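The values are calculated or read from the model by the stated rules, or taken from the named source; none is laboratory data. Fair warning: this is a prediction, and the values are worked out from it, not measured in the lab. Here the Cβ positions follow ideal geometry from the backbone for every residue, glycine too, while neighbour counts run over all protein chains shown. What goes into the accessible areas is simple: the full protein's heavy atoms, side chains included, and nothing from ligands, DNA or RNA. Shrake-Rupley method; radii C 1.70, N 1.55, O 1.52, S 1.80 Å.
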Amino acid sequence: MIPIKSNLTKESCSPVSSNCVIWQGPNLPCIGLCTGDSVSDVIYRVAEELCDIKDSFGFTDVDLTCLLTMCSTVPEPQKTLSNILNLIINKLCCLNDIVALINTTPPPEINVTLAKCFNVTNAQGVPLTVLPHSQYTYLIGVKLCEIYDIVNTHTTQITTLQGQVATLIGTPPPTIPQVTPDCILVPGVPTNIDVVVNELERQFCLLTAATGPNTEITRVLSRQCANLNSQNGLSTGLPLVSTPGWVTTPLHLAHSLQNLWLVACDLRAAVKLIQDNCCKITCSDITVNFEVAYFYSKDSNGRPVVTLTLYFGVDGVNIPSTFYDCDQTNGNKLTISDQSGHSLPRYIKINDPIGQMGILNGTPQEIADGTDLQFINPPFVYGEDLTITADICLTDGTTTCIKCLNITVPFVPSDDCCVITATGRVTIVYKICS
């Protein structure tokens, strides 16, 4: 400490440095202070010890939760040594009171909620849902004894059953009876009845899958034409009920099928009568025709290309559905030739079903209406018209008809001075020869 002048300096005192004042007291080993040390050292050492004591008595981080809530909840006091010691003393006193209470007075018995299986009632017959623990424990013991008796009874029964099973295991298995099937499995060979029953079930399932359920079969019976019994046959003119085998009131599928066959045979006989006596198709009723569009051009290599576009769906074509190609494999030969006698063969086939024309060119293939046939570098002379000829042979198995085709197709070059300005498809129609 250095003496300084200040407004607090008393006028009667002369300033003296604390370094010049000597401690004349005894040695103080606990703080490392000796006689003869300056007052500055004494004050410094005392201040150090005081700071250490202050730090050791810092209670900020002490948790007082247990002391505050053990007996009664109190607000947390300032964490001083005095307050903490008072809380500990109060805690000890509270615990002492609790221990004394436990040693003198038994605690009240705990009530337990009853399980539903007990079904306990009071003297008035009112169901109870709660009992003291001792009574509940007694009920559990009684119930356990009941279960014990039941288990003993079942154990005896199980032992008896085990003996019976052991006896059965030692007994030879029973002989399965056999039956001899007539139409399933191996007819005439005796077979175990369980195998036969399984096969019968399988066959029955297949049968119902093929015929439909009973409800569907019954519905089929109701589909017979109304008033069919009062109708006359188309081939005989006599009432259908007079037909041998006719069932007036069908009761099952066999009856319905029997009537159906009789009606089908009657219809067939009537149609046969029409075919034999009326409207018989002749060759004059058959007409074959198609349209052709002819174009001549050159490909990217400069080779000539002849394109014929055939249109089959034209007016005046009549091919009855019963007629087909005489040669079912190749169809009919179609010859395309120019005026100089050069020709190329192609084949036309009227496929089954009749009415759709196609082209066979090497391998059979159907060509739709308006398909192009192209001939690259053909032998035809440039500038000459083409002629398409063919003898179309058609038959229904009884009548055979040959129809002659002779169609002239005018030459149409790609650079022809004639310009077609139509917006749609342009075709040239040619008639067949008579």
Exercise. Once you have the Kirkwood Rh of segment 166-226 from its Cα pairs, apply Stokes-Einstein at 25 °C and 0.890 mPa s and quote D in µm²/s.
Key: 163
Self-check item: Out-of-range pairs (alpha-carbon distance over 21 Å; input Lys333/Lys403; Lys116/Lys143; Lys349/Lys403; Lys280/Lys349)
Solution: Lys280/Lys349
Quiz item: What area, in nm² and to one decimal, does the C-alpha convex hull of segment 208-278 cast on average over all directions?
Solution: 5.6
Quiz item: Expressed as a rounded percentage, what relative contact order does segment 74-217 have, with Cα pairs under 8 Å and six or more residues apart?
Solution: 10
Quiz item: How large are Rg and Dmax for segment 135-256 when only the alpha carbon atoms are used, in Å?
Solution: 32.8, 102
Quiz item: Counting only protein heavy atoms, what percent of the accessible surface of segment 142-223 is carbon or sulfur at a 1.4 Å probe?
Solution: 66
Quiz item: Which trypsin sites (Lys or Arg not before Pro) in segment 208-294 pass both tests, a DSSP loop state and at most 11 other beta-carbon atoms within 10 Å?
Solution: Arg223, Lys280
Quiz prompt | Peptides ranked, highest mean first, by Cβ atoms within 10 Å: ranges 154-163, 389-398 | solution = 389-398, 154-163
